[in-house]
Amino acid sequence: MTRDTQGGFEVEAWGIMAKLLAFPMKPFLLLSCAAALASSFTAGCAEIIRPGEIWPDDRGRHIQAHGGGILEVGDVFYWFGEDRSTNNPRGVRCVSCYSSGNLADWTFRNQVLKLADSQETGRILERPKVFHNSKTGKFVMYMHIDGPMPGESGGYKLARVGVATCDTAAGDYKFLTSFRPLGNESRDIGQFIDDDGTAYLISEDRPNGFHIYKLSEDYLSVEKDVCLIREHLEGGAVVHYDGLYYVIGSHLSGWKANPNVYATAKSLAGPWSEFKNIAPPEQNTYGSQSTMLLKITGTKTDSVIFMGDIWKQHTLWDSRYLWMPLEIGGGQLRLPEPHGWAVDVKTGETHLEK
Ligand code: GAL
């Protein structure tokens, strides 16, 4: 057996598995299409997204975009995330990019960033998120950069954000710098783009709480602390839906899942409501941790998709994804029990598998 071509699995085995999976799925897809059409799911037969399962890319390899984020450019969704493949060069942290037109089928584009360990960048690169700046035309990636303080040993001490840029979405990004936003510690980060196009960086600051920062005009630095929520939350994400902002995050339990929570506000600056669980607390967010809330603005409706990671601490490359459409509105947000679902990215409609 040839070991470890991607993420510790064999590509050939993946190919065979993808073929085997394709056969029994066909009758189901037909049924789901019929059901979908019956409920006016008109823009073609959507593919099923299956939370928690292996998610093969166009090459049949499990997608490596952990702790990731989505950037929508025209009709194309780009998914950026941590590439935890075991065959990445030693001492190099990689970010991969995939593209899709339907959020279900993903084409591997490029390992867009390969960052070697150094004093400035440490040895930890997590949760990359990419913004597109329409004024400069640049794609700007933020990421959590961490490692020991210079001359020390240990893990998450630098607590910085890193910034890299590129002229195209899926090209080779150039690492520019790392810093603490407005001098504050920053570990888990998230991204939010408001309906007016303003870009925000979400950041966990251990001594103080949870920041929503506005980026500078060129997106290369952090300009303003729009809100500090005095809660210790990681995997932070924000969405604006039907006149309300919803913020979501996990408690601090490392790779282990915990009950993720949400709060709402009329303005990003707050005041924010009390935090509530997004799912029954004993379910621990169905084993996942939030990374992004993706709003699909469709011709018929808007949907919000919870994007989470099901981390496998000892085999990070095999970590899974839990994406589900949220039940959201009127200040309430609920993550349904995971099962197969489909989205029509044109109309914005989502359908759960029967
Ligand atoms: C989690 C965090 C992950 C990673 C992990 C390391 O809380 O969300 O991105 O940093 O801790 O233990």
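Summary table below
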| read-out | value |
| --- | --- |
| Cα-based equivalent ellipsoid of region 285-354: semi-axis lengths in Å, sorted from largest, via gyration tensor | 24, 13, 11 |
| Placed amide H near residue 227: partners under 5 Å, 5+ positions off or other chain | 212 |
| Potential lengthening between residue 267 and residue 180 on full extension [0.36 nm per residue; Cα-Cα distance subtracted] | 28.8 nm |
| Theoretical gain in end-to-end length, residue 258 to residue 231 [0.36 nm per residue, Cα-Cα removed] | 8.2 nm |
| Residue-by-residue Karplus 3J(HN,Hα) for region 113-128, coefficients 6.51, -1.76, 1.60, Hz, glycine and proline x | 9, 10, 10, 7, 4, 7, 4, 6, 9, x, 10, 10, 10, 9, 6, x |
| Karplus-derived HN-Hα couplings along region 196-213 (A = 6.51, B = -1.76, C = 1.60, θ = phi - 60°), whole Hz, x at Gly and Pro | 8, x, 5, 9, 10, 10, 9, 8, 8, 10, 3, x, 10, x, 10, 9, 10, 9 |
| Over 21 Å between alpha carbons, listed pairs 256/276; 135/214; 214/276; 214/266; 256/295 | 214/276; 256/295 |
| Descending semi-axes in whole angstrom, ellipsoid equivalent of region 46-129, from the Cα gyration tensor | 25, 14, 10 |
| Charge sum, other residues only, whose C-beta stays under 12 Å from residue 160's C-beta, Lys/Arg counted +1 and Asp/Glu -1 | -2 |
| Projected label distance in nm at residue 157 and residue 337, using a 7 Å step from Cα toward the beta-carbon | 4.7 nm |
| Links that overshoot a 25 Å alpha carbon limit, given the list 114/138; 138/300; 138/312 | 138/300; 138/312 |
| Where only C-alpha atoms are counted, convex hull volume of region 149-203 per residue in Å³ | 123 Å³ |
| Zero-based 20 Å bins, Cα pair distances in the chain, whole percents | 31, 61, 9, 0 |
| Region 112-134 and region 286-354: distance between their alpha carbon centers, rounded to Å | 25 Å |
| Under-5 Å amide H pairs with residue 176, H placed in peptide plane, nonlocal only | 163, 164, 165 |
| Accessible solvent surface per residue of the chain, calculated while the other protein chains remain in place, 1.4 angstrom probe, Å² | 43 Å² |
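The values are calculated or read from the model by the stated rules, or taken from the named source; none is laboratory data. Quick caveat: nothing in here was measured; it's all calculated off a predicted structure. Glycine also receives a Cβ, built like all others from the backbone with ideal geometry; neighbour counts cover every protein chain displayed. Each accessible area value is taken on the protein alone, full model and side chains, heavy atoms only, with ligands, DNA and RNA left out. Shrake-Rupley method; radii C 1.70, N 1.55, O 1.52, S 1.80 Å.
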